[in-house]
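A.B. asks: One structure follows; several queries about it will come next.
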Amino acid sequence: MTIIRKLMLLTVGLTVSACAAVDVPTRNAPFELLPEGQVSIPVGYDTREEIKPLVVSQGGSPSVTNVTPVVAVDAFGGAEFAAQKVPVHVAAVQVRVPRSLKVSEANRYLPYGDIVWREDPVGDRYVQVQTIVQTAMDRGVAGLDGPVPVILDIQITKFHALTEKARYTTGGRHGISFEMTVKHAETGALLLPTRSVRADLNAYGGQQALVAMAHGQTQKVRITQHLAGVIHQELTKPETYKDASAGFVQMLYNF
C-alpha cells in the first residue's frame, strides 16, 4: 500500500506541475518573413509606393524641405490673368494686316478707307503698315522678362496717317486701332481674350510738321514710338491704356 500511495502522489504532482507552466514571450524573437501568398490585398484597394520627402543636402547633412505648389498659369484667363498681373516675356509677336481692309490713296483732308499711309513710296500699303507695326510691337515688348512665355497676336483694324494735304496744312489725328490677343507660348491657352485697342495720336501739320521732320520726328518715327509705348502698357498693366481724347478733331476722324 505504501508503494501504491507514493506512486499516486507522484502522478498528481507531475500533473499540477504541467498545468502551472508559463509560455515564453515572443516579442523579442527575431522577425520571420511570412511566405509569399500569405498576405493578400482586399478587393477594391491598390498598392501604392511609399512617398518619400524631398531631401536637400545642406552642408553635407540632409534635411527635409517643404514644397509649395505652384498654380499653373493656364488656370488664369481674361480678368483673372489681368487681376493677377502675371509678369510675362513675349516669345513671338504676330502682326496681321488683313487684305480685306480698304486702302485709300485719295489726297483729301479726311479720306475714306481703312488704311491711309503716304510716307513710304507708292507700293503695297499692307506690307508697309505691317512693317511699321511689327517694329513698334517688337520694341515695346523688348524689356519684358517675366517667367511666363506668351505669344502676342495683333490684327490691325485701322491705320490712318495724314494725307499730303492735311500734313502740310491743318494737321489732324493719326487714327490707329488694332485687336490684341495674348496666349501661352507653350500650351496655347488663352490668357487675355481678344481686346480692341484704340491708339490714336495727335498729328502735326503745317510749320509744326516741317520742324518735326527737320528733327527726325517723321510720322513713321512718332507712330512707332507711340505704339511701342501702348503695347508695353497693355502687357504690364492690362486694360489700363486709355486713348487720350481730342474732342472735335477725334470725332471727325471716327469714320
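The values are calculated or read from the model by the stated rules, or taken from the named source; none is laboratory data. Here the structure is a predicted model, which is why all the values come from computation and not from measurement. Neighbour counts run over all protein chains shown; Cβ positions are idealised from the backbone, glycine included. Areas reflect the complete protein model, heavy atoms only, side chains present, ligands, DNA and RNA absent. Shrake-Rupley method; radii C 1.70, N 1.55, O 1.52, S 1.80 Å.
A.B. asks: Can you name every residue in region 87-113 that is within 15 Å of I176 (Cβ to Cβ) and open to solvent by 50 Å² or more (accessible area, probe 1.4 Å)?
C.D. replies: R96
A.B. asks: On the given criteria, is E186 surrounded by fewer than 16 Cβ atoms within 10 Å (Cβ to Cβ), acidic (D, E), under 12 Å from the mean Cα position of the chain (by Cα) and at pLDDT 90 or above?
C.D. replies: Here the answer is yes, as E186 does meet what is asked.
A.B. asks: Being in a loop (DSSP other than H, G, I, E, B) and within 30 Å of the chain's Cα centre (by Cα) is the filter here; which residues of region 125-178 pass it?
C.D. replies: Across region 125-178, the qualifying residues are A142, G143, L144, D145, G146, P147.
A.B. asks: Given the conditions (1) open to solvent by less than 100 Å² (accessible area, probe 1.4 Å); (2) at pLDDT below 90; (3) not aliphatic (A, V, I, L, M), report the number of the one that Q130 does not fulfil.
C.D. replies: (2)
A.B. asks: Need the failing condition index for A228 against (1) assigned to a helix (DSSP H, G or I); (2) under 17 Å from V97 (Cβ atoms), just the number.
C.D. replies: Going through (1) assigned to a helix (DSSP H, G or I); (2) under 17 Å from V97 (Cβ atoms) one by one, A228 breaks only (2).
A.B. asks: Taking G143, is it open to solvent by 30 Å² or more (accessible area, probe 1.4 Å) and more than 17 Å from T218 (Cβ to Cβ)?
C.D. replies: So G143 fits the description; yes.
A.B. asks: If I ask for residues that are more than 18 Å from V230 (Cα to Cα) and touching a helix residue (DSSP H, G or I) at 6+ places or on another chain (Cβ under 6 Å), which ones from region 185-204 would you list?
C.D. replies: Within region 185-204, T187, A189, L191, Y204 qualify.
A.B. asks: Which residues, taken from region 91-117, are modelled with pLDDT under 95 and charged (D, E, K, R)?
C.D. replies: Hit for region 91-117 is R108, nothing else.
A.B. asks: Further question: I need the full set of residues from region 189-207 which are surrounded by 13 or more Cβ atoms within 10 Å (Cβ to Cβ), on the phi < 0 side of the Ramachandran plot and without any contact (Cβ under 8 Å) to a residue 40 or more places away in the chain, in order please.
C.D. replies: L201, Y204 - these are the residues of region 189-207 that are surrounded by 13 or more Cβ atoms within 10 Å (Cβ to Cβ), on the phi < 0 side of the Ramachandran plot and without any contact (Cβ under 8 Å) to a residue 40 or more places away in the chain.
A.B. asks: Of all residues being over 17 Å from G113 (Cα atoms) and modelled with pLDDT of 95 or more in region 170-180, which is most open to solvent (accessible area, probe 1.4 Å)? Just the residue, please.
C.D. replies: Filtering first and then ranking leaves E179.
A.B. asks: Pick from T194, T187: which is among the polar types (S, T, N, Q) and in a strand (DSSP E or B)?
C.D. replies: T194
A.B. asks: With the condition kept exactly as written, say whether any residue in region 151-159 is over 19 Å from G113 (Cβ atoms), among the charged types (D, E, K, R), open to solvent by less than 60 Å² (accessible area, probe 1.4 Å) and in contact (Cβ under 8 Å) with a residue 12 or more places away in the chain.
C.D. replies: yes
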